[in-house]
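What follows draws every value from the coordinates through simple rules; no lab data is involved. Everything numeric here is computed off the predicted structure, so don't read it as measured data. Neighbour counts run over all protein chains shown; Cβ positions are idealised from the backbone, glycine included.
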Amino acid sequence: MKIDLHSHTTQSDGALTPQELVMRAQQMQVDVLAITDHDTIAGIAQAKEYAKQYAPKLSVLSGVEISTRWHGFEIHVLGLNVDEQDATFLARLGEQQQKREDRSLTIIDKLQKAGIDIELSEVKARAKGVVSRGHFAQVLVSKNICSHPQQAFTQFLGKDKKAYATPKWIDLATAVQWIKEAKGQAVLAHPYHYDMTTKWLRRLLTDFKAAGGEAMEVQHSNLAKPKHDMMVSLALEYGLLASAGSDFHAPSRWTELGKRLQLPDTISPIWHDWQHLNENIRES
Ligand code: AMP
Ligand code: MN
Ligand code: MN
Ligand code: MN
């Protein structure tokens, strides 16, 4: 079984439409794919509908990646199997989307003050769903102001850089609560990517677990073995289940759907009690 529980579409900062993502997942022989756009679930229904018709073997799960702020860090929490029909949840995500709109104005203002010729309309033209810093990075690259999206972050968009706008995201515990109230499971996204000491990471895991978080990502296509091992042992220590996802945004040399996401037998995966999935595993 190839299970990938973290991916993006054009509804946030992914390069592929929900339909294209489904097609690619099928090509890559992915069995289970969770679509987890930033602060939106707008691509899910389309993807599910399309998969039903054109990729019947692929199971598409509803998901979301919620932006939070915790002790000054930007922490992402995945909500898996959230109820797409939950009106309260949709309204709550709407609040986050509005914060993205407000932040965009501040980022544009800061970029212009830094002497860059850029308009919000250029960024919006690239955002088919919610607007993300990834879109700002694309515009900066297209204008030859930056040579690579990564550089746009190190120079302008990253934390405390010239055009960084402190976001007003909800806090970690609130995101977990929203996900649980929408009948989903909360997964701490890419704990290995946060620029923090192990001491802070331990604090984060303590708070996440106390808030009702159920799992943490411990595997990624390019994660070094020692880091992966450390994440597995932390998950075991904090009583969290394990999850794995490619965080796919666009086809590239480094990322691919379903690539190198196996979990060790020593830890329970988040899907250990997903009935439907386990029936498929037994059959295969
Ligand atoms: P946002 O959610 O709008 O704050 O944007 C965060 C997104 O920007 C992440 O999900 C990544 O897709 C992208 N991103 C963050 N840091 C970097 C980086 N250093 N280089 C390239 N992309 C990045
Ligand atoms: Mn992203
Ligand atoms: Mn993320
Ligand atoms: Mn992501």
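In plain terms, the residue of V176, V232 with the fewest other Cβ atoms within 10 Å comes first and the most crowded comes last, giving V232, V176. Relative to the 2.2 N^0.38 Å rule of thumb, the chain has a C-alpha radius of gyration ratio of 0.98. Per-residue ellipticity at 222 nm from helix content only, as computed over the chain with -39500 (n - 2.57) for each DSSP H run of at least four residues, stands at -12000 deg cm²/dmol. Scalar couplings 3J(HN,Hα) for segment 2-13, obtained by applying the Karplus form with A = 6.51, B = -1.76, C = 1.60 to θ = phi - 60°, are 9, 10, 10, 10, 7, 7, 10, 10, 5, 5, 10, 9 Hz; x denotes Gly and Pro. Amide H contacts of D13 (H built 1.01 Å from N, in plane; Pro and chain starts excluded): H38 sit under 5 Å, all sequence-distant by 5 or more or on other chains. Relative to the longest principal axis of the C-alpha atoms of the chain, give the angle of the C-alpha long axis of helix 172-181, reported between 0 and 90° and rounded to the nearest 10°. Orientation of helix 172-181: about 50 degrees from the principal axis. Against the longest alpha carbon principal axis of the chain, how many degrees, from 0 to 90 and to the nearest 10, is the axis of helix 133-142 turned? That helix lies at roughly 60 degrees to the long axis.
Scanning residues 5 or more positions from R69 or on other chains, those with amide H under 5 Å from its amide H are I75, I170, D171, L172, with H placed 1.01 Å from N in the peptide plane.
With the simple model of a label 7 Å out from the Cα in the direction of the Cβ, D117 to K225 spans 5.2 nm.
Phi angles of segment 242-254 translate, via the Karplus equation with coefficients 6.51, -1.76, 1.60 and θ = phi - 60°, into HN-Hα couplings of 9, 10, 9, x, 7, 6, 4, 10, 7, x, 7, 5, 9 Hz per residue; Gly and Pro are given as x.
DSSP finds beta bridges in the chain, and of those with both partners inside it, around 40 percent are antiparallel.
Can you give the net charge of the other residues whose Cβ lies under 11 Å from the Cβ of S62, counting K and R as +1 and D and E as -1? Show your work: numbers first, answer last.
Working: positive: K48, K183; negative: D37, D83, E84, D86.
Result for the neighbourhood of S62: -2.
Pairs of Lys residues in segment 122-275 are counted when their Cα atoms are under 18 angstrom apart and they lie 8 or more places apart or on different chains; the count is 9. Can you give the FRET efficiency for Q151 and H276, using 1/(1 + (r/R0)^6), R0 = 51 Å, r = Cβ-Cβ distance, to the nearest 0.05? Working from the Cβ atoms, E equals 0.70. Electrostatic bookkeeping for Q46 treats Lys and Arg as +1 and Asp and Glu as -1; over the other residues with beta carbon under 12 Å from its beta carbon, the sum is -1. Amide hydrogen proximity for L61: with H placed 1.01 Å from N in the peptide plane, the residues at 5 or more positions away or on another chain lying under 5 Å are L33, A34, I35. Between Q53 and K159, the FRET efficiency estimated from the beta carbon spacing at R0 = 45 angstrom works out to 0.60.
Between the helical axis of 87-113 and the longest alpha-carbon principal axis of the chain there is an angle of about 30 degrees. Each Lys or Arg adds one and each Asp or Glu subtracts one; over the other residues with Cβ under 13 Å from the Cβ of L111, this totals +3.
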